[in-house]
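Participant: Shown below is the structure under consideration.
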Amino acid sequence: MAAVSVLIPTTEHSDLLPLAIASVQDQSFADFELLVVGDGASDDTQEQLSEIIKMDSRVKYFPNKKGLGHGELHRAKALSQCSGSMVCYLGDDDLWLPHHLEVMMPLLRESDFAHTAFLRVKPSGEWDLSPLTLSNARVRSHMLAEKWNFFGPTCAGHTLDAYRRLPFGWQTKPTDTWSDLHMWRQWLEQPWLKAITFPLPTTLTLPTPWRRTMTLDNRRVELEYWFGESRCAGFRSKIEGYAREQLRTFRQSWLQGLRHAVVMVENAGFKQAEDLVDLVEFNIGAHVDVYYVRSVIAGARDESGLALKFARQATEYWPESSVAHFRLARLAAANNDWPLAESAINNAIKLDPEIPLYHEFLQRCIGRG
């Protein structure tokens, strides 16, 4: 019995597969079984794996004839025979960093489904990081409604118990979508799903569509390079530093967009402002300033009840923000809701008692209720 079952589907990357396997074998968390699932894979794949299997009993090969789609039913069959209570995936042309399972195990102990930040490597050597998360309801809705995805299997995993609760598990994908998106939608449709996005990368994905003009020899050289780099001292710090900077810049740029939305409201561009706030919320999720700008838009439209609702949501989202409570107090006062205004400004003062403006506003509220 292993703690985690690792599944690598493979079809035509026999020269790249050993490097993907090696990136699993040197994980800091070693209690795993590795299931290589063939989908019409060539004889070369069997030859590449025979020596690996002799040297490492954790590695098992499931040869299959080419199946429908991308061989999703072969994956389902392999999972019906796995021993791990948790399942993680790896593309046969991708790599895990040595700490990937070390990060994934605690995530999957507290969730049904988890993935780490999706980082793709361009043929130029540049990195491309997805900053989105499954905690964002707008992102989940978009994945369910559109042919759109923001992470692949290489950085994802789930518990086996939760997988068995799905309607189907891995099944042949429709012709108009992708295997992973078809699978993720099954998870996202479940009302019981608890999903986690870890914000830092622990894997390297080298997308095949970006490498159509590269020979397999060139791809093997590239993968060997990144395998070596990812095992160098300091690589983890380097890639995590890159991710933190990208996330910071990304968040700041979208929050800057909220200032433009306020200007739009001042110029009566309500629809444009709402569209911009929707876009900001899609990219960074719930945020105190998102609720604030929504309250500004509603107030400008004389929708006072809705404006107060959004202002309350801002304080609920960030109860430690004295500014959020002050905004709610001002909006309540503008609507002659003095009890709410007094309560909100008192909350602001408790959080930040040194601001004179808060005390001045409290004096305006006292006795008005």
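Participant: Condition check: among the aromatic types (Phe, Trp, Tyr), surrounded by fewer than 19 Cβ atoms within 10 Å (Cβ to Cβ) and either part of a loop (DSSP other than H, G, I, E, B) or free of Cβ contacts under 8 Å to residues at least 12 places away in the same chain (or both). Does TRP192 satisfy that? Explain how you work it out, then say what you get.
Facilitator: Numbers: among the aromatic types (Phe, Trp, Tyr): yes; surrounded by fewer than 19 Cβ atoms within 10 Å (Cβ to Cβ): yes; either part of a loop (DSSP other than H, G, I, E, B) or free of Cβ contacts under 8 Å to residues at least 12 places away in the same chain (or both): yes.
Judged against the criteria, TRP192 is a match.
Participant: State yes or no: is ARG58 open to solvent by 20 Å² or more (accessible area, probe 1.4 Å), within 23 Å of the chain's Cα centre (by Cα) and among the basic types (Lys, Arg)?
Facilitator: Considered against the rule, which asks whether it is open to solvent by 20 Å² or more (accessible area, probe 1.4 Å), within 23 Å of the chain's Cα centre (by Cα) and among the basic types (Lys, Arg), ARG58 comes out as no.
Participant: Of all residues being outside any loop (DSSP other than H, G, I, E, B) and charged (D, E, K, R) in the stretch 165-189, which is least open to solvent (accessible area, probe 1.4 Å)? Just the residue, please.
Facilitator: The extreme case among them is ASP180.
Participant: A further question on this structure: Assuming VAL288 fulfils every condition listed in (1) modelled with pLDDT under 90; (2) more than 22 Å from ARG140 (Cβ to Cβ); (3) surrounded by 16 or more Cβ atoms within 10 Å (Cβ to Cβ) apart from one, which condition is it?
Facilitator: (2)
Participant: How many of the residues in the stretch 98-123 are hydroxyl-bearing (Ser, Thr, Tyr), within 25 Å of THR208 (Cα to Cα) and either in contact with a His (Cβ under 6 Å, 6 or more places away or on another chain) or not in a strand (DSSP E or B) (or both)?
Facilitator: So the count comes out to 0.
Participant: So PHE29 clears everything in (1) surrounded by fewer than 19 Cβ atoms within 10 Å (Cβ to Cβ); (2) in a helix (DSSP H, G or I); (3) of a type outside the set (Ser, Thr, Tyr); (4) at pLDDT 95 or above except one condition, right? Which one?
Facilitator: (2)
Participant: Every residue in the stretch 124-150 that is touching a residue at least 40 places away in the same chain (Cβ under 8 Å) and in a loop (DSSP other than H, G, I, E, B), please.
Facilitator: PRO131, LEU132, THR133, LEU134, SER135, ASN136
Participant: In the stretch 221-265, what residues are of a type in the set (D, E, K, R) and either without any contact (Cβ under 8 Å) to a residue 60 or more places away in the chain or under 22 Å from ALA117 (Cβ atoms) (or both)?
Facilitator: Within the stretch 221-265, GLU222, GLU229, ARG231, ARG236, LYS238, GLU240, ARG244, GLU245, ARG248, ARG251, ARG259 meet the criteria.
Participant: Scan the stretch 317-337 and report the pairs whose first residue is open to solvent by 10 Å² or more (accessible area, probe 1.4 Å) and whose second residue is of a type in the set (D, E, K, R), with Cβ atoms within less than 6 Å and a gap of 6+ or a chain change.
Facilitator: Qualifying pairs under 6 Å: SER322/ASP352.
Participant: Which residue out of THR213, THR249 is over 30 Å from ARG140 (Cβ atoms), open to solvent by 40 Å² or more (accessible area, probe 1.4 Å) and polar (S, T, N, Q)?
Facilitator: Checking each option against the conditions leaves just THR213.
The values are calculated or read from the model by the stated rules, or taken from the named source; none is laboratory data. Note that the coordinates shown come from a computational prediction; the quantities given were computed from them, not determined experimentally. When we count neighbours, we look across all protein chains shown, and the Cβ atoms used for this are built from the backbone with ideal geometry, even at glycine. Surface accessibility is based on the protein's heavy atoms, side chains included, excluding ligands, DNA and RNA. Shrake-Rupley method; radii C 1.70, N 1.55, O 1.52, S 1.80 Å.
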